[in-house]
1. From Pro215, Pro192, grab the single residue that is touching a strand residue (DSSP E or B) at 6+ places or on another chain (Cβ under 8 Å), at pLDDT 95 or above and either charged (D, E, K, R) or within 18 Å of Gly95 (Cβ to Cβ) (or both).
2. Would you mention how many residues in the stretch 165-194 are in a helix (DSSP H, G or I) and under 12 Å from Phe228 (Cβ atoms)?
3. Mind telling me which of the residues Leu99, Leu65 ends up being surrounded by 15 or more Cβ atoms within 10 Å (Cβ to Cβ), assigned by TED's automatic domain parsing to the domain that holds Val135 and not in a strand (DSSP E or B)?
4. What residue, among those in the stretch 1-38 that are part of a loop (DSSP other than H, G, I, E, B), under 24 Å from the mean Cα position of the chain (by Cα) and more than 30 Å from Glu121 (Cβ to Cβ), is modelled with the lowest pLDDT?
5. Just to be sure I understand the filter: pairs with C-beta atoms under 8 Å, separated by 6 or more residues or on different chains, first member in the stretch 1-26 and over 16 Å from Gln148 (Cβ atoms) and hydroxyl-bearing (Ser, Thr, Tyr), second member at pLDDT 95 or above and assigned to a loop (DSSP other than H, G, I, E, B). Which pairs pass?
6. Which residues, taken from the stretch 203-228, are β-branched (Val, Ile, Thr) and buried (at least 17 other Cβ atoms within 10 Å of the Cβ)?
7. Out of the residues in the stretch 179-222 that are of a type in the set (Ser, Thr, Tyr) and over 19 Å from Pro235 (Cα atoms), state the one that is nearest to the chain's Cα centre (by Cα).
8. For the stretch 161-181, indicate whether the set of residues that are surrounded by fewer than 14 Cβ atoms within 10 Å (Cβ to Cβ), assigned by TED's automatic domain parsing to the domain that holds Leu32 and of a type in the set (S, T, N, Q) is non-empty.
Amino acid sequence: MKAFPEKPTVAVHKFSSCDGCQLAFLNMGADLVTLTQRVEILHFLEAGLDNPNTPVDIAFVEGSLSTADEIERARRVRSASRYVVSIGACATAGGLQALRNLDNSHDQWRDAIYANPQFIETLQHARPIASEIRVDYELWGCPINSRQLLAAINALLFGVPPIDDHDKVCLECKRQQQVCVMVTQDKPCLGPVTRTGCGALCPTFGRDCYGCYGPADNPNTASLSRRFQGLGLLPDAIARRFLMINSGAPAFHDAGLIARSGGNQDD
């Protein structure tokens with residue numbers, strides 16, 4: 001990695017999303033004030049800075065690509081940025097918008113929902129940022145958190161790649177000595193196949209992980225699907241576990257479609 005200037009420049013861009021991952025910046029509180037002493041934020045609409053085409057050292061991108069205009073904007077971001085970091089499930093895997101990719105009746109849904117569908121210019125499929133431009137680093141999560149964000153920025157400023165935290169949530173539970181909710185409460189937890197980064201937030205409060213940080217490395221979704229069957233979940237319920245926030249991630253996408261069809265992933 002090449003050295004940054006004394007005060008690197010940063011932009012935060014939004015595409016199709018709920019703005020939740022951008023709040024990881026604003027939720028820093030006092031740390032955000034400290035951060036602005038180390039970097040110069042030039043574009044961040046959520047914070048009132050509107051300069052989308054300015055060249056920057058680091059561009060953070062939230063949201064999926066859901067319109068042709070967004071694809072063009074993403075290309076402009078890439079050409080104006082030294083590093084591009086996609087943040088959140090929408091940017092890394094299409095997010096909730098990618099649910100419509102599972103159905104081929106995009107036009108029928110659009111026409112049924114909107115009074116004037118001729119003004120709706122959405123793509124047939126919602127796409128992650130990396131499907132159209134080169135992305136240097138990804139931060140998974142729905143939403144990401146301030147700890148992830150600060151760690152990534154610090155790594156970049158020190159000239160090293162951000163750590164790709166792809167351990168499973170189960171390992172995080174063990175580190176925190178949390179009791180397994182699937183073993184003790186028969187809850188259909190996606191922790192065995194989901195990457196950590198959240199700090200095992202949901203199991204800490206006694207609920208099952210629902211996969212908001214996307215698939216971990218080598219996720220054994222076939223085994224987990226069989227375990228869910230043993231808990232009494234029907235195929236549609238198992239499919240919904242995988243095909244929710246990160247349905248665009250290949251591992252969860254394939255597992256969900258197989259479960260929905262009633263098939264066996266080992267076949």
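1. Numbers: Pro192 fails: either charged (D, E, K, R) or within 18 Å of Gly95 (Cβ to Cβ) (or both).
Of the residues listed, the single one that is touching a strand residue (DSSP E or B) at 6+ places or on another chain (Cβ under 8 Å), at pLDDT 95 or above and either charged (D, E, K, R) or within 18 Å of Gly95 (Cβ to Cβ) (or both) is Pro215.
2. Qualifying residue count for the region: 3.
3. On inspection, the qualifying residue turns out to be Leu99.
4. Result: Gly29.
5. Thr9/Val39; Thr9/Thr54; Thr9/Pro55; Ser16/Gly63; Ser17/Gly63; Ser17/Gly88
6. Matches in the stretch 203-228: Thr221 only.
7. Quick first cut of the stretch 179-222, residues of a type in the set (Ser, Thr, Tyr) only: 184, 194, 196, 204, 210, 213, 221.
The next check asks that each one be over 19 Å from Pro235 (Cα atoms); those that pass are 184, 194, 196, 204, 213.
Numbers: Thr184: 29, Thr194: 12, Thr196: 12, Thr204: 21, Tyr213: 6 Å.
Step by step, filter the stretch 179-222, then rank; the result is Tyr213.
8. no
The values are calculated or read from the model by the stated rules, or taken from the named source; none is laboratory data. Being a predicted model, the structure only gives us computed values, none of them experimental. Backbone-built Cβ (ideal geometry, glycine too); neighbour counts: all protein chains shown.
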